[in-house]
Amino acid sequence: MDKPYTLFEKIWAAHVVAQEPDSPAVLYIDLHLVHEVTSPQAFDGLRRRGAKARRPDRTFATMDHGIPTTPRDLPIADPLAAKQIAQLEKNAEDFGIPLYGIRNLPDKQGIVHVIGPELGLTQPGMTIVCGDSHTSTHGAFGALAFGIGTSEVEMVLATQCLLQRRPRTMRVRVDGRLQRGVGAKDVILGLVAKYGIGAGTGHVFEYTGPAIRALSMEERMTVCNMSIEGGARAGLIAPDETTFGYMAGREFAPQGAAWDKAVARWRALATDDGALYDAEISLDADGLEPMITYGTNPGMGMKITGRVPDPDRVADLSARNALAKALAYMGLQPDQALLGHPIDVVFIGSCTNGRIADLRQAAGVLKGRTVSPRVRALVVPGSAQVKRQAEQEGLDRIFKAAGCEWREAGCSMCIAMNGDELAPGQYAVSTSNRNFEGRQGKGGRTFLASPLTAAASAVAGAVADVRALI
Amino acid sequence: MKFTAFTSQLVPLPSENVDTDQIIPARFLKVTDKKGLGDNLFADWRYDSDGAPKPEFILNQPEMRGRHILLAGDNFGCGSSREHAPWALVGYGFRAVISTSFADIFRNNSLKNGLLPIVVDPDTHQQLFSLVQEDPGAALAVDLAAQTITLPDGRPVPFPIDGFSKTCLLNGVDEIGYVLNMSDKIEAYEAARGW
C-alpha cells in the first residue's frame with residue numbers, strides 16, 4: 001500500500017517548485033488576495049526593481065480594512081484612508097490586477113476572506129496567501145491558506161512563489177455534537193481557551209471529527225478563521241459534499257465537465273487512513289457552552305455562565321501578571337460573573353462572523369425584539385453580496401426595526417481603522433476575532449462571542465445567555 | 001543591508017503574548033510607506049491620551065535610549081500579520097528581540113527586515129531578566145555569525161537560527177531576487193501543471 005499522507009502533506013507536495021538542501025522550499029501560490037493596508041509598500045518595491053506582477057490572473061484585490069461603512073456616496077473623510085484606497089486603485093490598474101473596490105466592481109467588494117469563497121476563487125487543494133493573518137479562513141475548503149507580511153506580498157507579486165519552511169501538522173479533533181445555542185464560534189473560542197494562543201505555533205491545524213463534519217461552510221470558515229488565534233498560521237478542513245455544495249455554480253468555480261473532474265481531484269485530498277500528524281489536540285463538543293472572553297487575548301475565554309479567574313490562584317508568575325494586567329484593563333474583578341455585565345456596543349460582522357449565515361442567526365434572535373436603549377448595535381455585512389442577500393431576505397428590516405445600524409461592507413470595528421470604534425472605557429460584545437487592548441478603539445474593552453450571544457446581549461443591554469431566548 | 005555583530009544594553013519588557021496591535025496600533029497602518037513608524041512603536045503604552053510620554057513606560061525612561069535589544073516575554077508578536085510591527089521596531093532602533101518564542105508570521109517578517117529574533121530557553125530568559133534587574137546597564141554582545149549572545153561575564157549562550165535565514169541576514173541577500181532568478185523552474189512548474 002502507498003504511504004498514507006495528510007491533507008497538508010498532499011497540498012504541500014503538489015506546490016513545491018524547488019527545494020534546495022538546508023533551504024526553505026520555493027512554494028507555488030495559486031491565489032493571492034490583496035487589500036489596501038498591507039500592499040502599498042509591496043507595489044512600491046515592484047516598481048523599484050522594475051518587476052511586473054507575474055500572475056495578475058491569480059491575484060485579486062479588494063478594499064476592506066480602512067474603508068468607511070457609511071453610505072458609499074459619501075466622501076471618505078479620513079485623508080490617510082482615502083490615500084491608501086486611491087493607491088490600491090492605481091496599483092491594481094498599473095499591474096493589471098482585478099479589483100473589487102468601492103468604485104470598481106462595487107457589487108463584489110467585501111472583506112477579503114468573505115469574497116474569496118463567495119466568488120468561488122477559494123478552492124480545495126490550493127495554496128492561498130494574503131497580507132492578513134485571517135487568511136487561515138480559506139482553509140475551511142481544504143486549501144493551504146495563511147497570512148504573510150508585506151515583503152512576502154512583494155515576493156508573491158513578483159514570483160508567484162514564497163520561500164517557506166515546512167510547518168508541522170497538528171490534528172484538532174472535535175468529537176460529539178454541538179448543543180442548542182452553541183456554534184462554530186464557541187468551538188474555536190473553546191479550543192483557544194483550552195490550549196492557549198501559542199499552542200499552534202509552528203503548526204498547521206487540521207480540524208477533524210464528527211462535530212466539524214456537521215458544520216456548514218460558513219461555520220467551518222469561522223473555525224478556520226481563528227486558527228491564528230491558536231497560534232497556527234493555517235487551519236484545514238478536508239473538502240466534502242458540504243464544500244462542493246457551497247462552491248457549485250460560483251463565478252470562478254469550474255463549470256460542466258471541468259467541475260466533475262475537479263470534484264474527483266478534490267475528493268482525493270482528504271487525509272489518508274493511518275497518516276501521521278506531528279501532534280494532536282481535542283475538544284468535546286457535547287460539553288461545550290456558549291463562550292465569552294473576559295481578557296485581552298482570545299485565549300482568555302470561558303463558558304458564558306462562568307466566573308472571571310483569580311490571578312492569585314494562577315501558579316505561573318508571568319501568566320498571573322498577564323491575567324492581573326488584563327483584568328485591570330478590562331475593569332473586571334476576580335470571580336465576577338460576566339452574565340448581566342452592562343455593555344455599550346454590540347458589533348456583528350468581520351471575517352469571522354460577517355457572512356449570511358451569521359446574519360441570519362443574529363436576525364433570528366433580534367426578530368420582534370428591541371436593542372437596549374443603552375446599546376449601540378452595528379451590523380456590518382462581510383461583503384456587498386452578503387448585504388444584498390440579507391436585504392433580499394429582509395434581514396436588514398429586522399435589524400433596523402430592532403434598532404441596529406445597518407452598514408456597508410468592511411472590516412469596520414473589528415480593527416477600528418475606519419472610524420467605527422469604541423470610545424475609551426466602553427464595553428462591547430463583538431463577533432470579531434481579537435480582544436487585544438485597544439483593538440476596537442483605544443481604551444475599548446471587548447468581549448468576544450458568537451452572533452447569537454451578541455444579538456442576545458444587544459437586547460439585554462448586558463452580556464446575556466442566548467439559550468434563554470431560543 | 002548586512003547584519004553585523006553588535007553590543008548593546010537591553011530594554012526589558014516582561015509581558016508575555018505581546019501582540020502586534022500593541023507593537024503598532026492599527027490606526028497607524030494607514031500609510032503607504034515605512035517612514036515614521038518607530039515614533040508610534042508601542043504607542044498606547046508609551047503615550048497618554050494627549051500624546052505625552054507616560055514616564056512609567058520602559059521606553060520613556062531616559063537610560064533606555066539608544067538600546068538595540070528588546071528582551072520580551074513569551075510568544076512575542078502574536079496576532080496580525082502587519083509587517084509594520086518589525087518596521088516600527090527597526091524604525092525605533094531595535095536590531096534584535098530576545099524571547100522564549102515568537103509568533104510565526106512576526107518571526108518571518110522580522111527576518112526580512114534585519115531584525116533578529118533570538119530564541120532562548122526559559123532558564124536563560126529568566127537569567128537575562130534577573131541580570132537587567134540587578135544591573136540595568138548590563139550589555140550583551142550579539143554575534144549572528146557565531147550564533148551566540150555573550151553575557152557580561154563573558155559566557156556565550158548559543159541560539160538557533162536556520163542556515164538560510166542566517167546567510168540572508170549576514171550577506172544582505174535579496175530574497176525576492178533569489179526567487180526571481182529561479183524563473184525557469186517556476187515556468188517549468190506552471191507548464192507541468194498546465195496552470
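Just so you know, all these numbers are worked out from the coordinates, no wet-lab data involved. Quick caveat: nothing in here was measured; it's all calculated off a predicted structure. All Cβ positions, even for glycine, are placed from backbone atoms using ideal geometry, and neighbour counts span all protein chains on display.
Worth pointing out:
- Taking other C-beta atoms within 10 angstrom as a stand-in for reagent exposure, B:Met64, B:Met1, A:Met226 fall in the order B:Met1, B:Met64, A:Met226, fewest first.
- Added length on full extension, which subtracts the Cα-Cα distance from 0.36 nm per residue, A:Ala324 to A:Asp272: 14.2 nm
- The stretch B:1-77 and the stretch B:88-145: distance between their alpha carbon centers, rounded to Å: 13
- Shielding of A:412-421 by partner chains, average beta-carbon count, 10 Å: 2
- Extent along principal axes [Cα atoms of the stretch A:1-160; Å; largest to smallest]: 63, 34, 22
- Only Lys, Arg, Asp and Glu carry charge here, each on its Cβ (+1 for the first two, -1 for the last two); on that basis the stretch B:6-161 has a dipole of about 640 debye about its Cα centre.
- Coarse-grained scattering of the stretch B:1-108 at q = 0.10, 0.20, 0.21 Å⁻¹, given as base-10 log I(q)/I(0) from a Debye sum over alpha-carbon atoms: -0.26, -1.14, -1.26
- Tensor-based shape of the stretch A:273-366 (alpha-carbon gyration tensor, a/c under 1.5 rounded, otherwise prolate or oblate): oblate
- Electrostatic dipole magnitude of the protein assembly as shown [Cβ: Lys, Arg +1; Asp, Glu -1; Cα centre; debye, to 20]: 1000
- Förster radius 45 Å - calculated FRET efficiency between A:Ser282 and A:Gln333, Cβ distance, rounded to 0.05: 0.85
- Projected label distance in nm at B:Thr167 and B:Asp143, using a 7 Å step from Cα toward the beta-carbon: 2.2
- Sequence ranges A:6-12, B:75-81, ranked by mean other-Cβ count within 10 angstrom, highest first: B:75-81, A:6-12
- Alpha carbon centroid spacing (whole Å) that separates the stretch A:405-470 from the stretch A:228-253: 26
- Percent RCO, i.e. relative contact order, over the stretch B:103-195, from Cα pairs under 8 Å lying at least 6 residues apart: 18
- A:Asp260-B:Arg193 FRET efficiency (beta carbon distance; Förster radius 25 Å; 0.05 resolution): 0.85
- The protein assembly as shown - share of DSSP beta bridges that are antiparallel (%, nearest 5): 30
- Which of A:Trp266, A:Phe447, A:Ala14, positive extreme of dipole for chain A (C-beta unit charges): A:Phe447
- Global form of the protein assembly as shown, assessed from the alpha-carbon gyration tensor, a/c cut-off 1.5: rounded
- Calculated on the alpha-carbon coordinates, the convex hull of the stretch B:1-54 measures out at 142 cubic angstrom per residue.
- Hits among lysines - C-alpha to C-alpha of A:Lys367 under 28 Å, sequence gap 8 or more where chains match: A:Lys108, A:Lys185, A:Lys303, A:Lys387, A:Lys400
- Contact order for chain B, expressed relative to its length and based on alpha carbon pairs under 8 Å spaced 6+ residues apart, stands at 25 percent.
- Phi angles of the stretch B:64-77 translate, via the Karplus equation with coefficients 6.51, -1.76, 1.60 and θ = phi - 60°, into HN-Hα couplings of 7, 5, x, 7, 10, 10, 9, 9, 10, x, 4, 6, 6, x Hz per residue; Gly and Pro are given as x.
- Chain A, relative contact order in percent, only Cα pairs under 8 angstrom and at least six apart counted: 17
- Placing unit charges on each Cβ (+1 for Lys and Arg, -1 for Asp and Glu) gives the stretch B:6-161 a dipole about its Cα centre, and among B:Leu71, B:Pro55, B:Thr7 the Cα reaching farthest toward its positive end belongs to B:Thr7.
- With an a/c value of 1.5 or above and a/b larger than b/c for the gyration tensor axes a ≥ b ≥ c computed over the alpha-carbon atoms, the stretch A:321-406 is described as prolate.
- The protein assembly as shown - mean residue ellipticity at 222 nm from DSSP helices (-39,500 (n - 2.57) per run, n ≥ 4, rounded to 500): -9000 deg cm²/dmol
- Dipole of the stretch B:6-161, positive end: most advanced residue of B:Pro117, B:Ser81, B:Val31 [Cβ charges, Cα centre]: B:Val31
- The calculated pair-distance distribution of the stretch B:68-166 uses every alpha carbon pair, bins of 10 angstrom beginning at 0, and gives 15, 51, 30, 4 percent.
- Shown for A:Ser457, B:Ser99: other C-beta atoms within 10 Å of each C-beta, ranked fewest to most, produce the order B:Ser99, A:Ser457.
- Counting only Cβ charges, +1 for Lys and Arg and -1 for Asp and Glu, the dipole size of the stretch A:184-278 around its Cα centre is about 120 debye.
- Once exposed loop trypsin sites (Lys or Arg not before Pro) are cut out (DSSP; at most 11 other Cβ, 10 Å), longest piece of chain B: B:66-195
- Annotation: lysines with alpha-carbon distance below 23 angstrom to A:Lys52 (same-chain offsets under eight excluded): A:Lys83, A:Lys90, B:Lys34, B:Lys112, B:Lys185.
- Between the stretch B:173-195 and the stretch A:101-180, the alpha-carbon center distance in angstrom: 22
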